[in-house]
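Student: Sharing a structure below in structure tokens format, with a few things to ask.
Coordinate-derived values only; no laboratory data. Just so it is clear, the model here is predicted, and its values are computed rather than measured. As a convention, Cβ positions derive from the backbone with ideal geometry for all residues, glycine included, and neighbour counts pool all protein chains shown.
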Amino acid sequence: MPGLLKPNKRKQAMTMKNNNTSLALKNSVLTVIAQQRLFLTGLGIVILAGTLAALLPPLVLEQIVNQLTLRQAVGVGPALAYFLFLALAGILESLQTVMIARTGQKITRQVRQDLCAKLDTLPAAYFTREDAGKTVSLFVNDVDALSSLFDNGVLNMAADSLKVIGVLVMIFTRSLGLGFLLIVITPLLFALTRHFQKRMLQAQKTNRAAIAQVNHLVPETLNCLRMIRSLNKQERMEDRYDQHLQTSYQSLEKANFYDSVYSPIIVFSSSAVVAVMMILATLSGGWRSLFGMSVGSAVAVTAYVSKIFTPLENIGMEIENIQSAVAGIQRIEAFFRQPQRNLPEATLTLSALPTGEPALALNHVTFGYEKEETVLHDCSFCVRQGETVTLAGRTGAGKSTIFKLILGLYSPQQGSVTIFGAPADQISDRQKRRLFGYVEQTLRPASGTVGDQISLFDETITADQIAHAVRLVGLDSVIAQLPQGMATPWDPALFSQGQLQLLAIARAVAADPRILLLDEITANLDSGTESLVMEALRRASANRTVISISHRLYQQNRNGRLISI
Amino acid sequence: MIRKSNRERRPDRLSTYFYQERHVLAGITLTGILYNAGLTAGPYFEGQLTLCLMAVLAGEKSGIDMIKLAAVYLTVILIVQGARCLKRFGVRRFANDTARSMRRVLYRNLVYQNPAVLSADEAGSLMTKAISDVDACAEGMRKFTTEVFDTGVVMIAYLGMLMAYDLRLTLLACVFAPLAALLAQKLKHPITRSASAYKNSVSQLNTMTLDRVSNALTYRVFGCENQRDQALGDQLAVVEKNAVVSSAWENAMQPLYNIIAMAGVVFVLLRGAQNVLGVGWAAWDLAAFTTYLACFSRLALKSSHAAKLFNAVQKAKVSWQRIQPQLQPVEIPDSTLPPTAGPAELKLEDLSFAYPHQPPLFEHVSFQVHTGQIIGITGPLACGKSTLGRLLLGELPYAGSLRINGLEIAQLNSAQISHLVGYLGHAPQLLSDTIEENIQLGEDLDCAPWLKLTALEEEVAAMPEGLKTQIGAQGTRLSGGQQARLALARTLARPRPVWVLDDPFSAVDPATEDEILRNLRELGKDRIILLISHRLTHFAQFDQVLWLENGTARIADPATMMAENPAYARLVKTQQKKAGDDDEK
């Protein structure tokens, strides 16, 4: 019997309107840009100033060398200026890095917050259909990729492009011919850079896949350990492992080759440019006007040439970052486009519920997760206030589905499900806890303390209410013995299987709900603990409407009514 | 080949891995020294080129001189960069080799583990962790090797060159470099602290995100979704703050070190200029000036990175300490069995067993089984019937005697036992590979007869790829019944004196079970089959039934057991009734 919240591969076929357009990736990013307008302007200024500052030291050096060529003394002024410009460039550069990182973080935070808001609006079917790990990966990895699109991608690329342009401009002002030469060479070197980067990333990708295969063999081996040992197949397994290991080894060798060769090629190219420049500078006649330069300029240009390659390499990586972020962005956008559930309006209040109505009424309900495949067909029954009923029926008859309808997670295709006369799917989430106490086959632990398991972080539930719930299920002495009592960090090993169920009951009754919904709650318990749970349940059921799914429960609750589904 | 070399040396010592790679490391040392010493050639020749340009402009030299010098310059750079290329590749090959060796040793440690021990002390998860640590460790060793040259050797080379140009100026200008290194060491603490604060807040955020998503419906039913979103929002704010602080510490400090180390450049420019003009501590030409300046700048940059060397050592050490305990030498068991004669025989005498810190599971069990018998073993839940089966695998220590063909199980190693006992547990333990490989496991076996015996023949033939069908992780592309029968085929393909089959038919339908059991009877004529099950449908056909309850064992033929053991009789009858009910449906 599947539990109510257990993942369920069936698709929710109900049509959902996508009426909330404010949640979209574009809007999240635009919000940040609007909020941070001043900061982003500041960032622009810092980038510009940093680029300029980095161009100045070679100019000072040019001055000094030219003075020395003329055998003039060098004053403290230029020497200090050289150092100060270097220092300034360094400071601005790191300021730029921090500011860019902050921008990326702002965007990350906003997008994650909006993704969270989107979670609230998703229909229950989404959570049963999609693997939680996939959604978490969207929140974590894809958003990280998105933020790197901005910080390691667009923004740094702008800064690096500015650097390349700055250096080219400076070289043009020193030597027109060399400038033209570099204009031709730069794109070639950039193409080479991209070629190497692509090859390298491809090899790295192959390696990652192979390593994943290699690592995958470990849990497989753990699973098959008894077979391996009893058939004496250790060597065979080692050979299998080696095969995958070899694939990974070879692809890594390939990546390493590109990695090793690239940087030396770039350094050699840069040296070649310097060598050609020096030779051209010695040419006389008409060439002079194109390539001629002073000794100081030659020193300065040598310094500039070495500055052009780092940003060029960075730009290549930044393109790569942008490209790899695209897939993540598409996934985020698809998530934002997920159809929404019909959010109940919060107008319905508990006190306004008519008192004379039955606690639960199903009126000719037809429902299926897929349109063609109905689970419930024209199902009607009624539960009076304070009544105890048990839903019985074979596996797949739709008992748990009825709970889902009662909890308003799904809406019936035909007919109505009403709670105290109000349509179940119109009751807002905030009110549910005062209406329903829901216990499943096993406790679904939340990450937090022992107390958080009961309150589920609901701030409106007081410490007194928690203590009362714990006493009611008889767990007070067990929890008092824990090292930090209620504040003990959650660890499933702290409790036995039966105590976990008692906690689940405490969680359900903490807000004093009117209806208890029990879904096969003793299915996983042995008979000793079962009686403990039944006793707690008896106390918890007082003055409440109780609807349960369980054969065993019915046998021990002879006073209750049996409804066959 | 590598398997052997690892066997002889000590895989739990770091030196083993360096020793294995001694040829690569020798190459790295050679090219590393050549490259790093040659690094000074760049600034030197660039200075000479400048000097030559000055001479040409002054009309003292011709353009041909410049071409010659440029050619020499490029040749030297080519050699130096070639050495660099080799060094880089060598260092990476070293890391790659080491990671591969470590993975092999770890895997060997894993594959020779006793499954009973492994499940008991969570060694499995430790092992899984260790394997993911291998990359970090190899990367640490690579960085360490790299930094030894790129920071250590290169700094010495630069310093030597600077001192050769002007000793006094070098001492003066380099006063600031140790200052920068000192500051870097001092500020390491807040940097690592802010970085770990950031990492912790991120991992907490990820935990919260996982909790939020996986418990989404629980929170919805309890009306707590908004409150969880708020908590997550608060954590997001903490993460953002920590990220910016950590980035500020990390990025703001590096240029600061650079600036401090570079402060000496003011002296270099002033005194250097005086040197050129002939009024300084040394007599320089313009080339010396530019060379010195370039070398000094690079040295300053390197010295501010010196902390990297220490960090790399630190990181490698930490990851090594994590994996070292898992890198134990493994003794490969010798599978030769002492010779035995006669037909198969299984003999238990006064056998007792208890899990550690628990009351005995069973005590003083004695019985004897002969060739050709099929024994059904059953009893209530948790009576120890599966454990009894596993005792025959030699996984667990026992008291008393347990002999197959006169050989005491406790005195045999796993390889020897594998010749005596064929075992199939309730988990089919299939590999993510083809059907063929799952049966053959590298042996030259014909799969067809075994598939026929387990009634799989037609089903496999119907698959588009037949024997070459990939069955997926843990065999998930097959049905539960197919998985069980494939695992059975794998066991039956290896004739052993004793077969222990623990609940092999739980996922197999009754008709197929009948067919397989008939085949088993035929096959079991010259061996002993122990069939452990809680489904008693076929127990009536077996030679003996062993009933385990409350730590004691009773063995009898099925009819006697039925007559004299009310608990057994009740179980049989309930199952017959249930089967009847099922038939009605």
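Student: Using 18 Å as the cut-off for backbone N distance, which residues of the range B:339-358 belong to the label zone defined by a point 7 Å from the Cα of B:Val117 along Cα→Cβ?
Tutor: B:355-357
Student: What is the set of long-range amide H partners of A:Arg561 at a cut-off below 5 Å, with H atoms built 1.01 Å from backbone N?
Tutor: Distant-sequence amide H within range of A:Arg561: A:Thr388, A:Val389, A:Thr390.
Student: Whole-Hz ³J(HN,Hα) for each residue in the range B:544-552, computed from phi via Karplus 6.51 cos²θ - 1.76 cosθ + 1.60 with θ = phi - 60°, x for glycine and proline: what do you get?
Tutor: 9, 10, 10, 10, 10, 7, 6, x, 10
Student: Moving on. Regarding the range A:142-290, what are the three Cα extents along the principal axes, ordered largest first, in Å?
Tutor: Largest to smallest, the principal-axis extents are 88, 36, 14 Å.
Student: For the residue pair A:Arg384 and A:Gln72, what label-to-label distance in nm results when each label sits 7 Å from Cα along the Cα-to-beta-carbon direction?
Tutor: Between A:Arg384 and A:Gln72, the simple spin-label model gives 11.1 nm.
Student: Tell me, what ³J(HN,Hα) does each residue in the range B:411-416 have, in order and in whole Hz, if you take phi through Karplus 6.51 cos²θ - 1.76 cosθ + 1.60 with θ = phi - 60° and put x for Gly and Pro?
Tutor: 9, 9, 8, 4, 5, 5
Student: How long is the protein assembly as shown along each principal axis, judged by its Cα atoms, biggest number first, in Å?
Tutor: 122, 88, 57
Student: Relative contact order, percent, of the range B:345-584 when contacts are C-alpha pairs under 8 Å separated by at least 6 residues? Write down the numbers at each step before the final one.
Tutor: Working: 423 pairs, mean separation 65.1, N = 240.
Reported as a whole number, the value is 27 percent.
Student: Which cross-chain or sequence-distant (5 or more) residues have an amide H under 5 Å from the amide H of B:Ile377, H modelled 1.01 Å from N in plane?
Tutor: B:Leu531, B:Ile532, B:Ser533, B:Leu546
Student: Roughly how many nanometres apart are two label points built 7 Å out from the Cα toward the Cβ at B:Thr476 and A:Leu192?
Tutor: Computed distance between label sites B:Thr476 and A:Leu192 equals 4.8 nm.
Student: In addition: Using only Cα atoms, tell me the angle between helix A:527-541 and the longest principal axis of chain A; keep it within 0 to 90° and round to the nearest 10.
Tutor: 80
Student: Sticking with this structure for a sec: Counting only other chains, what is the mean number of Cβ atoms within 10 angstrom of the Cβ of each residue in peptide B:259-271?
Tutor: Details: counts 8, 1, 0, 5, 3, 1, 7, 8, 2, 3, 12, 8, 2.
Per residue, the average neighbour count from other chains is 5.
Student: Under 18 Å from a label point 7 Å along Cα→Cβ of B:His419: give me every residue in the range B:340-373 with its amide N that close.
Tutor: What the label zone holds, given the 18 Å backbone N cut-off, is B:340-346.
Student: While we're on this one: For B:Tyr355 and B:Ala252, FRET efficiency with R0 = 45 Å and r from the beta-carbon atoms, rounded to 0.05?
Tutor: 0.20
Student: Is the range B:345-584 best put as rounded, prolate or oblate by its Cα gyration tensor, with a ≥ b ≥ c the root eigenvalues, rounded for a/c under 1.5, and otherwise prolate when a/b is larger than b/c, oblate when not?
Tutor: Oblate, since a/c reaches 1.5 and b/c is not below a/b.
Student: Taking a ≥ b ≥ c as the square roots of the Cα gyration tensor eigenvalues, with a/c under 1.5 meaning rounded and otherwise prolate when a/b beats b/c, else oblate, which class fits the range B:234-291?
Tutor: On the way: a/c = 9.05, a/b = 5.56, b/c = 1.63.
Note, shape of the range B:234-291 comes out prolate.
Student: Please compute the Cα-Cα pair-distance distribution of chain B with 10 Å bins starting at 0, giving whole percents from short to long.
Tutor: P(r) for chain B, in whole percents per bin: 3, 11, 15, 16, 14, 12, 10, 8, 6, 4, 2, 0, 0.
Student: Now for a separate question. Before rounding to the nearest 500, sum -39500 (n - 2.57) across all DSSP H runs of length at least 4 in the protein assembly as shown and divide by the residue total; then give [θ] at 222 nm in deg cm²/dmol.
Tutor: -20500 deg cm²/dmol
Student: Still on this model: Less than 12 Å Cβ to Cβ from B:Pro333, Lys/Arg counted +1 and Asp/Glu -1: what total charge do the surrounding residues give? Could you put the intermediate results ahead of the total?
Tutor: Details: positive: A:Arg229; negative: A:Glu235, B:Glu331, B:Asp334.
Spelling it out: positives minus negatives among the neighbours equals -2.
Student: Quote the FRET efficiency, to the nearest 0.05, computed for A:Asp491 versus B:Ser506 with a Förster distance R0 of 35 Å and r equal to the Cβ-Cβ distance. Working shown, then result.
Tutor: Numbers: r = 33 Å, r/R0 = 0.94.
Efficiency at R0 = 35 Å is approximately 0.60.
Student: Continuing with this model, one more query. Given Cα pairs under 8 Å that are at least 6 residues apart, what percent is the relative contact order of chain A?
Tutor: Here the relative contact order equals 17 percent.
Student: Which log10 I(q)/I(0) values does chain A give at q = 0.06, 0.07, 0.09, 0.10 Å⁻¹ under the Debye formula, counting every alpha carbon as one identical point scatterer?
Tutor: With one equal scatterer per Cα and no solvent, log10 I(q)/I(0) is -0.54, -0.68, -0.90, -1.00.
Student: What helices does chain B hold that run 15 Å or longer along their axis, going by alpha-carbon atoms, with a Kyte-Doolittle average of 0.5 or more, using DSSP H for the helix calls? Present the calculation step by step, with values, prior to reporting the outcome.
Tutor: Details: long enough: B:22-38 (23 Å, 0.77); B:41-57 (24 Å, 1.11); B:63-111 (71 Å, 0.40); B:123-147 (35 Å, -0.08); B:154-165 (17 Å, 1.88); B:176-214 (55 Å, -0.02); B:225-262 (55 Å, -0.21); B:265-276 (16 Å, 1.43); B:286-304 (28 Å, 0.89); B:306-323 (27 Å, -0.09); B:480-492 (18 Å, -0.05); B:510-523 (19 Å, -0.79); B:566-584 (27 Å, -1.46).
Flagged H segments are B:22-38, B:41-57, B:154-165, B:265-276, B:286-304.
Student: Between B:Gln321 and B:Ser386, what FRET efficiency comes out of the Förster formula 1/(1 + (r/R0)^6) with R0 = 56 Å and r the beta carbon distance, rounded to 0.05? Before the final figure, lay out each step's value.
Tutor: Values: r = 38 Å, r/R0 = 0.68.
Computed FRET efficiency for B:Ser386 and B:Gln321: 0.90.
Student: So what's the net charge close to A:Gln484: Lys and Arg +1, Asp and Glu -1, counting the other residues with Cβ under 13 Å from its Cβ?
Tutor: Cβ neighbours under 13 Å give a net charge of -2.
Student: At 0.36 nm per residue, minus the direct Cα-Cα distance, what do B:Ala58 and B:Gln230 gain on full extension? Give it in nm, one decimal, please.
Tutor: In short, 54.4 nm is gained.
Student: Just the number: Rg to Rh for the range B:187-281, Cα atoms, Kirkwood Rh, two decimals.
Tutor: On the way: Rg = 25.5 Å, Rh = 17.3 Å.
Reported Rg/Rh (Cα atoms, Kirkwood Rh): 1.47.
Student: Over 27 Å between Cα atoms: which of B:Lys129/B:Lys199; A:Lys205/B:Lys129; A:Lys307/B:Lys186; B:Lys385/B:Lys452; B:Lys241/B:Lys302 fall into that group?
Tutor: A:Lys307/B:Lys186; B:Lys385/B:Lys452; B:Lys241/B:Lys302
Student: Once phi is turned into θ = phi - 60°, what whole-Hz ³J(HN,Hα) does the Karplus curve with 6.51, -1.76 and 1.60 give for every residue of the range A:122-136, x standing for Gly and Pro?
Tutor: Residue by residue, the range A:122-136 yields 7, x, 3, 4, 4, 6, 7, 7, 8, 5, 4, x, 5, 5, 4 Hz.
Student: Relative to the longest principal Cα axis of chain A, at what angle does helix A:25-35 sit, 0 to 90 degrees, rounded to 10?
Tutor: On a 0 to 90 degree scale, this one is about 60.
Student: Kindly express, to the nearest 10 degrees and within the range 0 to 90, the angle between helix A:295-336's C-alpha long axis and the longest C-alpha principal axis of chain A.
Tutor: Helix A:295-336 sits roughly 20 degrees off the main axis of chain A.
Student: Where both partners of a DSSP beta bridge lie in the protein assembly as shown, what percent of those bridges are antiparallel, to the nearest 5?
Tutor: 50
Student: Would you work out the relative contact order for the range B:187-281, in percent, from Cα pairs under 8 angstrom that are 6 or more residues apart?
Tutor: Relative contact order here is 35 percent.
Student: If I model a spin label at B:Glu522 and B:Phe18 as a point 7 Å from the Cα along the Cα→Cβ vector, what separation in nanometres do I get?
Tutor: Distance between the two pseudo-spin positions: 6.5 nm.
Student: If amide H atoms are built 1.01 Å from N in the plane of the peptide, which residues on other chains or at least 5 residues away come under 5 Å of the amide H of A:Phe436?
Tutor: Amide H neighbours of A:Phe436, under 5 Å, 5+ apart: A:Arg514, A:Ile515.
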